[in-house]
Amino acid sequence: VTGMCPDEITMVLVLSACADLGALELGKWLESYVERRSITKSVTLCNAMIDMFAKCGDVDRAVKIFREMEMRTIVSWTSVIVGLAMHGRGLEAVSLFDEMVEQGVEPDNVAFVGVLFACSHSGLVDKGHYYFKTMENRFNIVPKIEHYGCMVDMLSRAGLVNEAVEFVRAMPIEPNQVIWRSIVTACNARGELRLGESMAKELVRSEPMHESNYVLLSNIYAKLMRWEKKTKVREMMDVKGMRKIPGSTMIEMNNEIYEFVAGDKSHDQYKEIYEMVEEMGKEIKRAGYVPTTSQVLLDIDEEDKEDALYRHSEKLAIAFGLLSTPPGTPIRIVKNLRVCEDCHSATKFISKVYSREIVVRDRNRFHHFKNGLCSCGDFW
């Protein structure tokens, strides 16, 4: 309106906003705007583009920009390493880390967090141990709590829960609550429910005002089908004024961001969306999908639990995507929480039944669903 042309700093800020929202189409438009307006592609601006494309689901474009850069900083290298890791491309991430070292770029604390994150999210346990030892032995970097956290997360995701506990007990620094929560989450996922229960109880005692501790304990009681104890935990949360963060999912469509929550009926097309959700449920069941009703933490019958699962925010967003885009078009969604076990399983079937690539960014990483498979290899 004022006729002023945005400069490099403005573009960096707007690209950062796109990264937060997962607004890929708007991010692509900004990249073309930089080209049209001949805005100087400084290292900072290129790093912002790399970060935006990686966080919006187009990591190949992020790598291309990185390769085209004449000058690179440690931030450039780390952004691509973390980007590849987020997309489950751990082997490429560690290969790039090795390339960085070979080119004489000294890795710092953050770079090691990036490469350990890559090992964690791709199940590269041996590689993770190697890089963790390399930190001190070769580069004289004393591991911080973030590095220990990555190692515990890596062992937990790989199902090595007891090894993760032993690693924590041998740590030379005091583990924080984030580390213990990652082990409790792994216990829940891997069926080590008694161990998870005792640890979750300890977390509640040590952090009585942290709502996620109560949610973890509640989840474990639900899996154990101990409904009275689960109800007591929820009552404790109510007494303390705590609320579980509601899950929400965003999808970009025609340069607009649409947000869905579980059971959402605020959208103009909600009737068509729910009809699509019902159709999706029938089609994927025919293909062999079995609802993971333990994800519904209520003492209700199985049919009602299945209905509750079908109303999860990501299923509504995917249904809207299927309705609003041509056949074969990729669907990209962004979640504020970690994708649940049932939605992960259902999305694999949806990708196969409807021949769609579905890209899901959750709180931790990206999941690329295609032909019934996920890029995470179920290290999620």
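What number of residues within segment 222-232 satisfy the criterion of being in a helix (DSSP H, G or I) and either assigned by the TED database to the domain that holds T292 or touching a Leu at 6+ places or on another chain (Cβ under 8 Å) (or both)?
Step one: list which residues in segment 222-232 are in a helix (DSSP H, G or I), which gives 222-223, 227-232.
Imposing the further condition that a residue be either assigned by the TED database to the domain that holds T292 or touching a Leu at 6+ places or on another chain (Cβ under 8 Å) (or both) reduces the set to 222-223, 230.
Going through segment 222-232 one residue at a time, the tally reaches 3.
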For this session: Out of M242, M250, report the one residue that is touching a residue at least 60 places away in the same chain (Cβ under 8 Å) and within 25 Å of the chain's Cα centre (by Cα).
Result: M250
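A quick yes/no check of all residues on (1) over 19 Å from V59 (Cα atoms); (2) open to solvent by less than 40 Å² (accessible area, probe 1.4 Å):
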residue: L337; (1), (2): yes, yes
residue: C340; (1), (2): yes, yes
residue: I350; (1), (2): yes, yes
residue: V353; (1), (2): yes, no
residue: R356; (1), (2): no, yes
residue: V359; (1), (2): no, yes
residue: D362; (1), (2): no, yes
residue: C374; (1), (2): no, yes
residue: G377; (1), (2): no, no
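Filter segment 15-35 for residues that are under 12 Å from D51 (Cα atoms), open to solvent by 20 Å² or more (accessible area, probe 1.4 Å) and not small (G, A, S) and give the result. Break it down into steps so the answer makes sense when it comes.
First pass over segment 15-35, keeping only residues under 12 Å from D51 (Cα atoms): 15-20, 22, 24, 27.
Narrowing further to those that are open to solvent by 20 Å² or more (accessible area, probe 1.4 Å): 16-17, 20.
The answer is D20, and nothing else.
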For this session: Return the total of residues in segment 226-256 being surrounded by 15 or more Cβ atoms within 10 Å (Cβ to Cβ) and at pLDDT below 85.
Result: 2
For this session: Kindly indicate whether any position in segment 47-60 is in contact (Cβ under 8 Å) with a residue 40 or more places away in the chain and among the small types (G, A, S).
Result: yes
For this session: State which residue is surrounded by the fewest Cβ atoms within 10 Å (Cβ to Cβ) when the search covers only segment 258-272 and only residues that are in a loop (DSSP other than H, G, I, E, B) and free of Cβ contacts under 8 Å to residues at least 12 places away in the same chain.
Result: D268
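Of all residues being over 20 Å from G123 (Cα atoms) and in contact with a helix residue (DSSP H, G or I) (Cβ under 9 Å, 6 or more places away or on another chain) in segment 139-157, which is surrounded by the most Cβ atoms within 10 Å (Cβ to Cβ)? Just the residue, please. Quick ask: steps written out before the conclusion?
Initial filter on segment 139-157 (over 20 Å from G123 (Cα atoms)): 139-145.
Subsequent filtering for residues that are in contact with a helix residue (DSSP H, G or I) (Cβ under 9 Å, 6 or more places away or on another chain) retains 139, 141-145.
Working: F139: 14, I141: 17, V142: 10, P143: 20, K144: 13, I145: 14.
Ranking the qualifying residues of segment 139-157, first place goes to P143.
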Seminar exercise, completed: Output for Cβ contacts, cut-off 9 Å, separation at least six or different chains, first residue farther than 18 Å from V142 by Cα in segment 91-115, second outside any helix (DSSP H, G or I) and of a type in the set (S, T, Y), reads V105/T73
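Against the condition in the same structural domain as M209 (by the TED database), open to solvent by 50 Å² or more (accessible area, probe 1.4 Å) and under 25 Å from L216 (Cα atoms), how does I179 come out, does it pass?
Values: in the same structural domain as M209 (by the TED database): yes; open to solvent by 50 Å² or more (accessible area, probe 1.4 Å): no; under 25 Å from L216 (Cα atoms): yes.
Considered against the rule, which asks whether it is in the same structural domain as M209 (by the TED database), open to solvent by 50 Å² or more (accessible area, probe 1.4 Å) and under 25 Å from L216 (Cα atoms), I179 comes out as no.
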For this session: Can you tell me which residue within segment 233-257, out of those that are part of a loop (DSSP other than H, G, I, E, B) and small (G, A, S), is nearest to K335 (Cα to Cα)?
Result: G247
Exercise. Quick check: is even one residue across segment 211-223 open to solvent by less than 40 Å² (accessible area, probe 1.4 Å), touching a residue at least 24 places away in the same chain (Cβ under 8 Å), in contact with a Ser or Thr (Cβ under 8 Å, 6 or more places away or on another chain) and under 22 Å from S122 (Cβ atoms)?
Worked result: no
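Suppose we filter segment 158-176 for residues that are outside any loop (DSSP other than H, G, I, E, B), out of contact with any Asp or Glu (no Cβ under 9 Å at 6 or more places or on another chain) and either open to solvent by 30 Å² or more (accessible area, probe 1.4 Å) or among the polar types (S, T, N, Q) (or both); how many remain?
So the answer is 4.
The values are calculated or read from the model by the stated rules, or taken from the named source; none is laboratory data. What you are looking at is a predicted structure, and each value in this text was computed from that prediction instead of being measured. Backbone-built Cβ (ideal geometry, glycine too); neighbour counts: all protein chains shown. SASA here: full protein model, heavy atoms, side chains in, ligands and nucleic acids out. Shrake-Rupley method; radii C 1.70, N 1.55, O 1.52, S 1.80 Å.
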